[in-house]
Amino acid sequence: MIEEIRTAVQNEFSGSKSSKRTAFLKKLDVPGIVFLLCGIITILIIVFLIAFIFYTALPTFQNEGLGFITGINWDYSQHEYGALALIAGTIVLTVTTIAIACPLSVLTAIFLAEYSPPALTKVLRPMIELLVGIPSVVYGIFGLFVLEKTFRYNINPSISSVLGFIPIFRNLQPSTGTGILLASTVLSIMILPTITSLSVEALNSVPREYKEASISLGATKWETIKKVVVPVASSGMITAVVLGIMRAMGETMAVVMLLGGQMHIPGSFLDTAYAMTSKILNDIGYYVADDEARSALFAIAAVLIAFEVITVGAARYIGGRKKWN
Amino acid sequence: MELKKKRFLEEKTFIVITGLAAAITSLLLILIVGKIALESLPALNLYFLTTAEVDTPGFGQAIGNSIVGTIYLSLLSVIFAMPISIGTAIFLKKYARESVLTRTVRFLIDVLAGMPSIVLGVFGMLFIVIYLKPLTGGFSLISGALAMAILILPVIEKAAEEAIGTVPKELEEGSIALGGTKWTTIRKITIPYALSGIMTGIVLGIGRSAEESAIVVLTAGYSQFYPVLETLQNPKMPFGVQLGPFQEPVGALSISVYHMFQFPNIVPRANGFAAALVLIVIVMVINLLARLILWRWKIGQ
């Protein structure tokens, strides 16, 4: 009897306790806290990642100072780390890639958005968008095993013989087809789908009334595109190109295979070069246990992050927050 | 009259130029896929696709282990990235008020989205593979998946945020007017409505990690064996147990393709291209799936 009363009393108490607890939990908004935690974890991951890279790179920046960016000699045995050749290689590669890819993809986008019959657009657009997914390592072996011979025996010699009187078009490495021109040709094919599909999106978002107004004033279609459509869509298109720049700059696998990998400042567009990303990939496996060399390689990664943050900032400034992928 | 002719000519010229550009672009892309398919024909057979490399007489003779490894890696990385990225998206869209702070958060996510994969690769190699070795087992499936989860976190987050943004305000307000709390509204209205968009992001994330190569080389290592569930004695690990396949190196298709570049005289040319073709097909099927989900969703609306 007493036992029963005791258990009843206990039940009563624990029940009231738990209902108090649920009231407390209801006020607490558990899901909101969980989502807040998710956000905090995301931020912590990003901040930790960037801080980790810069912290590991710090000794090199302290030892080399500005010499890391202006020095040309990269030698593990002499403890000298100057990344100028790598930075130059990446910049020349990126500029050449954009010079090839930009006109082609922007014109393609204008054709798809304005001129092409709807049936053709329906086939071409999904096709081009699906090709965004071709992995970069595949572009790399395609360039190396299929295009390299053509560049070595046909394209590089003919460019050199026609334009060779200009120093930047001389064929400095006739024995190989790899080099800036091959790498940036392949890279530009790689970023074509990205720039094209984002530009088509920007062109399609131009209000119909603008075009109709221009045409009703007697402008031809091309004049409408030139004076109305492209200026209105320009911020979206510039964002697309900036995205292309970022992809070309950060590309690793294809560049390792196609750039030639010689540590010097490239003398012409047909010359070989060495990019920042490929230096990291090639050397990190051998030097990850060596504190000083590892720090130097992480310093390259830190410079890459700095470039990337500047580009992202520029893109956000120009185009607001757009889709990146 | 002269002016009219000139304008007409200009119009025609630019139609031809843009048309040519479009033709070149599409032809280039068709040419690449076609050439790779053609080169890979001699190597494509069931033995090549389903045998682990270790059971073959030579290097690069089969890619069964790599296909399974790629699938494991991309699924596991999505499982790691999914809860955090979707949670962040819901927080940014439904809980946080628009302020300098949320703008900074979005900027940081954009920075992560544009981060060169080699940077994530070296971070993964030093921090996840070397410093966290007792947990991850060094070069392993779990190291690779963790590093790639960072890569695809912004992909899923952005897709989820965009999908949540398309949920009509009236539906959510209706739920709240009927006495629903914020959480019930999110659970019963927002997430079901945005589910297809979120799914699209997840599938795109799977595709993104399947095509990644630089990170895999630096964090997952490579194994010629099929990944199998097993426990191994290893005194260096906590409790002295190493759990396969999670704490063991794993193969990946992108690495099989990379081997063709590293060992051009050992890996037969056709086999390298066949691995590349299989990788392209897998990524394209995944992307097609994402488009299909999005397409069905648009029709449903």
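A short reminder: the numbers here are calculations on the coordinates, not readings from a lab. Keep in mind that this is a model prediction, so the values were computed, not measured. Neighbour counts run over all protein chains shown; Cβ positions are idealised from the backbone, glycine included.
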Residue B:54 and residue A:44 label points (each 7 Å along its Cα→Cβ direction) are spaced in nm at 3.7
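Helix by helix, which DSSP H runs in chain A go 27 Å or more along their axis at the Cα atoms and have an average Kyte-Doolittle hydropathy of 1.0 or more?
Length and hydropathy pass: A:30-64, A:84-110, A:180-204, A:230-250, A:291-319.
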If R0 = 41 Å, then residue B:181 and residue B:281, at their Cβ-Cβ distance, give a FRET efficiency to the nearest 0.05 of 0.30
Length gained, residue A:264-residue A:289, 0.36 nm per residue minus C-alpha separation, equals 6.4 nm
Neighbour-count ranking for A:76, A:286, A:274 (other C-beta within 10 angstrom, fewest to most) reads A:286, A:76, A:274
Projecting the Cα atoms of A:121, A:106, A:141 onto the charge dipole of chain A, where Lys and Arg contribute +1 and Asp and Glu -1 at Cβ, the residue farthest towards the positive end is A:121
For B:119, A:229, ascending order of other Cβ atoms within 10 Å (fewest first) is A:229, B:119
Note on the protein assembly as shown: alpha-carbon gyration tensor, axes a ≥ b ≥ c; rule is a/c under 1.5 for rounded, else prolate if a/b larger than b/c, else oblate; result oblate
For residue B:169, the aspartates and glutamates lying under 18 Å Cα to Cα, once residues fewer than eight places off in the same chain are dropped, come out as B:98, B:161
Hits for chain B under the membrane-span-like helix rule (DSSP H, Cα axial span at least 15 Å, Kyte-Doolittle mean at least 0.5) are B:2-40, B:64-90, B:100-114, B:141-165, B:191-211, B:269-300
Whole-number value, in Å³ per residue, for the convex hull of the alpha carbons of segment A:31-130 is 214
Neighbour-count ranking for A:224, B:51, B:18 (other C-beta within 10 angstrom, fewest to most) reads B:51, A:224, B:18
The farthest towards the positive end of the charge dipole of segment B:155-301, of the residues B:275, B:224, B:235, given +1 on Cβ of Lys and Arg and -1 on Cβ of Asp and Glu, is B:275
If one builds a Gaussian network model of chain A from Cα atoms under 10 Å apart, the most fluctuating residue listed among A:41, A:91, A:265 is A:41
Measuring from its Cα centre, segment B:139-200 shows a charge dipole (+1 at each Lys and Arg Cβ, -1 at each Asp and Glu Cβ) which, in debye to the nearest 20, is 160
The simple spin-label model distance between residue A:33 and residue B:265, using points 7 Å out along Cα→Cβ, in nm, is 6.5
Computed for the protein assembly as shown: size of charge dipole around the Cα centre, +1 on C-beta of each Lys and Arg, -1 on C-beta of each Asp and Glu, debye to nearest 20, value 1940
Two pseudo-spin positions, 7 Å from Cα along C-beta at residue A:54 and at residue B:47, lie apart in nanometres by 5.6
Quick calc, residue B:71 & residue B:291: beta-carbon distance into FRET formula, R0 22 Å, rounding 0.05, result 0.65
Projecting the Cα atoms of B:42, B:21, B:3 onto the charge dipole of segment B:1-43, where Lys and Arg contribute +1 and Asp and Glu -1 at Cβ, the residue farthest towards the positive end is B:3
Rounded to the nearest 500, the 222 nm mean residue ellipticity computed for chain B from DSSP H runs (n ≥ 4, each -39500 (n - 2.57)) alone is -22500 deg cm²/dmol
Per the 1/(1 + (r/R0)^6) rule, R0 = 35 Å and r from the Cβ atoms of residue B:31 and residue A:95, FRET efficiency to 0.05 is 0.85
Partner shielding of A:308-316, as the mean number of partner chain Cβ atoms within 10 Å, equals 4
So residue B:11 and residue B:170, fully extended at 0.36 nm per residue minus their Cα-Cα distance, gain in nm 52.5 nm
Classified through the alpha carbon gyration tensor (a ≥ b ≥ c as square roots of its eigenvalues; rounded if a/c is under 1.5, else prolate when a/b is larger than b/c, else oblate), segment B:2-63 comes out prolate
Taking a label point 7 Å from the Cα of residue A:215 along Cα-to-Cβ, the residues of segment B:7-29 whose backbone nitrogen sits under 20 Å from it are B:7-19
Summing +1 per Lys or Arg and -1 per Asp or Glu among the other residues with Cβ less than 15 Å from residue B:222's Cβ gives -3
With +1 on the Cβ of every Lys and Arg and -1 on the Cβ of every Asp and Glu, the dipole magnitude of segment B:1-43 about its Cα centre, in debye rounded to the nearest 20, is 280
